[in-house]
1. Inspect all residues belonging to the stretch 105-120 and state whether any of them is of a type in the set (D, E, K, R), at positive phi, in contact (Cβ under 8 Å) with a residue 12 or more places away in the chain and away from the ligand (no atom under 11 Å from the Cβ).
2. Please find, among Lys134, Lys101, the residue that is in contact (Cβ under 8 Å) with a residue 24 or more places away in the chain, out of contact with any strand residue (DSSP E or B) (no Cβ under 8 Å at 6 or more places or on another chain) and of a type outside the set (Gly, Ala, Ser).
3. Condition first: within 9 Å of the ligand (Cβ to nearest atom) and in contact (Cβ under 8 Å) with a residue 60 or more places away in the chain. Now tell me which residues in the stretch 192-222 satisfy that.
4. Scan the stretch 10-20 and give yes if some residue there is crowded, with 21+ Cβ neighbours inside 10 Å and within 23 Å of Glu187 (Cβ to Cβ), otherwise no.
5. Residue by residue through the stretch 251-261, note down the ones that are more than 16 Å from Leu204 (Cβ to Cβ) and buried (at least 16 other Cβ atoms within 10 Å of the Cβ).
6. Would you check which residues across the stretch 103-122 are in a loop (DSSP other than H, G, I, E, B) and under 19 Å from Gln44 (Cα atoms) and list them?
7. Which of the residues that make up the stretch 138-173 are more than 14 Å from Ala189 (Cα to Cα), touching a strand residue (DSSP E or B) at 6+ places or on another chain (Cβ under 9 Å) and surrounded by 12 or more Cβ atoms within 10 Å (Cβ to Cβ)?
8. Return yes or no: is Val48 over 16 Å from Ile104 (Cα atoms), surrounded by 13 or more Cβ atoms within 10 Å (Cβ to Cβ) and β-branched (Val, Ile, Thr)?
Amino acid sequence: MNFSKMHGLGNDFMVIDAVTQNVHLSTEMIKRMADRYTGVGFDQLLIVEPPYVPDSDFHYRIFNSDGSEVEQCGNGARCFARFVRLKGLTRKRVLKVSTMKGNIVLTVNADETIRVNMGEPIFEPSKIPFKAIKEEKTYIIRAQEQTVLCGVASMGNPHCVIQVENIVTAQVATLGPLLEQHERFPERANIGFMHIIDRNNINLRVFERGVGETQACGTGACAAVAVGIKQGLLNECVNVNLPGGKLLIEWQGSNQPLYMTGPATHVYDGFIAI
Ligand SMILES: N[C@@H](CCC[C@H](N)C(=O)O)C(=O)O
């Protein structure tokens, strides 16, 4: 099976073309290929498939390194756009793609960065899903001995966003896994730690569901900005500094789609016998 290794700000992917190849992978096979010592190694596997909903160019499936299939992936979306053009699967610069949780539209800019219409952020608890009596801007979660203040949002996938004073000392490795598996997130969640520099700039680290901390999380950046805007702390246009680099997130508020702009990098092509 041919594949490409790609990354979006260090969030790395194995990308497989299932338009021209027959691809049938079990959860065990995905976990084996994800292993950084004995496999290809990746945060997520992206499988590009032919379209099967009207008015779309492709469908793409996303799997975390623990083998779980997920609804959305921001950095993956940009890599998907670069991949289909590199592999000659399309020449379009504006691409419509369906994922497990709806459609997104991607535009490849002249400088090869990619701007993605990620759709509207969702705050309604039952749709995230998050257990709460009613929708709030800020929730209190108790995790073992700690009381955590956070916002929650779905970008197709579930996110929890915690504001921190210092991004370096944020408890990503300890609080991340506790909240990822917290009973108030029935489908687990991605946990973002956000330091607000000013109304247009934030630092962000994300403990990703099904992976652990990554160099960057696109949907995590979108969710952090959406939560920050909803809480009245951020402007409509925000630079998000992640350990792997910078994303630009734009959101004009309720009923408007959110846009993410950033790079996508092809690392190498490979072949794996499975
Ligand atoms: N790295 C991604 C998010 C991938 C999915 C996530 N781990 C989940 O389980 O929802 C991104 O760039 O958005």
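1. Within the stretch 105-120 (the criterion being of a type in the set (D, E, K, R), at positive phi, in contact (Cβ under 8 Å) with a residue 12 or more places away in the chain and away from the ligand (no atom under 11 Å from the Cβ)), the answer is yes, since at least one residue qualifies.
2. One residue alone meets the criteria, Lys101.
3. Glu208, Arg209, Gly210, Val211, Thr214, Ala216, Cys217, Gly218, Thr219, Gly220, Ala221, Cys222
4. Checked against the condition, which is being crowded, with 21+ Cβ neighbours inside 10 Å and within 23 Å of Glu187 (Cβ to Cβ), the stretch 10-20 yields at least one hit.
5. Tyr259
6. Result: Met118, single match.
7. Thr138, Tyr139, Val148, Gln163, Val164, Ile167, Ala170, Gln171
8. In short, no.
We did not get these values from a lab; they are worked out from the coordinates using the rules stated. Computed from a predicted structure; not experimentally measured. Ideal geometry is used to build each Cβ from the backbone, glycine not excepted, and the neighbour counts take in all protein chains shown.
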